[in-house]
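What follows is one structure encoded as structure tokens, with my remarks underneath.
The values are calculated or read from the model by the stated rules, or taken from the named source; none is laboratory data. Please read these numbers as outputs of a predicted model, since none were measured by experiment. Positions of Cβ are backbone-derived with ideal geometry, glycine not excepted, and every protein chain shown enters the neighbour counts. The protein model used for the area step is the full one, side chains on, heavy atoms only, and it has no ligands, DNA or RNA in it. Shrake-Rupley method; radii C 1.70, N 1.55, O 1.52, S 1.80 Å.
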Amino acid sequence: SLECDVSSEASVNACAAAVHQDVGALDVLVNNAGTYYLGGFLETPLDVWQRMYQVNVMGMVHCTRAFLPAMRAAGGARRIVNIASLSSFLPAPNLGAYAASKHAVLGASEGLAMELDQTNVSVLAVFPGIINTPLLGGKVVGANITTRQLETQQAYYQQKGCSPDVVGERVAQATLGKQPYLLVGPQAHAGFNVTRISRTLARRASIHAAKSNGYTDAPG
């Protein structure tokens, strides 16, 4: 196994060199590394904003820059998979930094897909909904987040979220095709559809949902 800090261009380039020497060009590159923070806009420290972009956005940029040239040169159908989020198009209160980073992942994926049109490499943007992963902890919340709020959201993810295995299996299946997007997990399709109907309606729906699932401590 290889250790790699995706926020570091040098670390990613060293990893890519080792991979290319060992196995050659990748058939599938999955940009999945991500970090999370639950906190208000003003309660999210600048270093958290910066780290969020270094990992969630620049990690994808570094890995794609390091592996894409060999993938194109090798020929044959190959895929870049960027793990975005439901938050890419439907943010929630107290998820500003995370949502902003995932919006960036979506934008970069769209631009890259257009540039790679008619080449041997295609892009799959993945939008997981509510997935039961251990994202939350005492070190990833802002000062405005109460203990009750955190416990409510943790319970919500455990009760409503699907297993990460579901996402993994769907992604593996999707890499065999040519579809550009994958919506997977609870609320992914509903969130996407409501944004298509009305951004105003989507905002109201997100605020309403946040009052019951722990994203905000405002009364329901």
Q | Spin-label model distance (nm) - residue 17 vs residue 152, 7 Å beyond Cα toward Cβ | A | 5.1 nm
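How many Å² of accessible area per residue for the stretch 70-164, probe 1.4 Å?
Details: 4100 Å² over 95 residues.
Accessible surface, normalised per residue, equals 43 Å².
Could you calculate the contour length gain from residue 163 to residue 46, that is, 0.36 nm times the residue separation minus the distance between their Cα atoms, to one decimal place in nm? Mind showing how you got there, number by number?
Working: separation 117, 0.36 × 117 = 42.12 nm, distance 3.18 nm.
This chain segment gains 38.9 nm when fully extended.
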Q: Calculate the spin-label point distance for residue 8 paired with residue 179, positioning each point 7 Å from the Cα along the beta-carbon direction, and give it in nanometres.
A: 3.8 nm
Q) Mean Kyte-Doolittle of at least 0.5 and a Cα length of 20 Å or more along the axis: which whole DSSP H helices of the chain meet both? A) 58-74
Q) When the chain is modelled as a GNM with alpha-carbon springs shorter than 10 Å, which of 78, 148, 51 fluctuates the most? A) 148
Q: Let me know the shape class of the stretch 93-170, please: from the alpha-carbon gyration tensor, a ≥ b ≥ c as square roots of the eigenvalues, rounded when a/c is under 1.5, otherwise prolate if a/b is greater than b/c, or oblate.
A: oblate
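Using 1/(1 + (r/R0)^6) with R0 = 41 angstrom and r between the beta carbons of residue 74 and residue 199, what's the FRET efficiency to the nearest 0.05? Walk me through the intermediate numbers first.
On the way: r = 41 Å, r/R0 = 1.01.
So the FRET efficiency works out to roughly 0.50.
Which whole-number percent gives the relative contact order of the stretch 3-78, counting Cα pairs below 8 Å spaced six or more residues apart? It would help to have the intermediate numbers written out before the result.
Numbers: 65 pairs, mean separation 35.5, N = 76.
Relative contact order for the stretch 3-78 comes out at 47 percent.
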Q: Tally up the carbon and sulfur contribution to the accessible surface of the stretch 120-174 as a whole percent, 1.4 Å probe, everything protein left in place.
A: 52 percent
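Would you mind telling me the share, in percent, of accessible area of the stretch 12-89 contributed by carbon and sulfur at probe 1.4 angstrom? Walk me through the numbers before you get to the answer.
Numbers: 2070 of 3640 Å².
Percent of accessible area from carbon and sulfur atoms in the stretch 12-89: 57.
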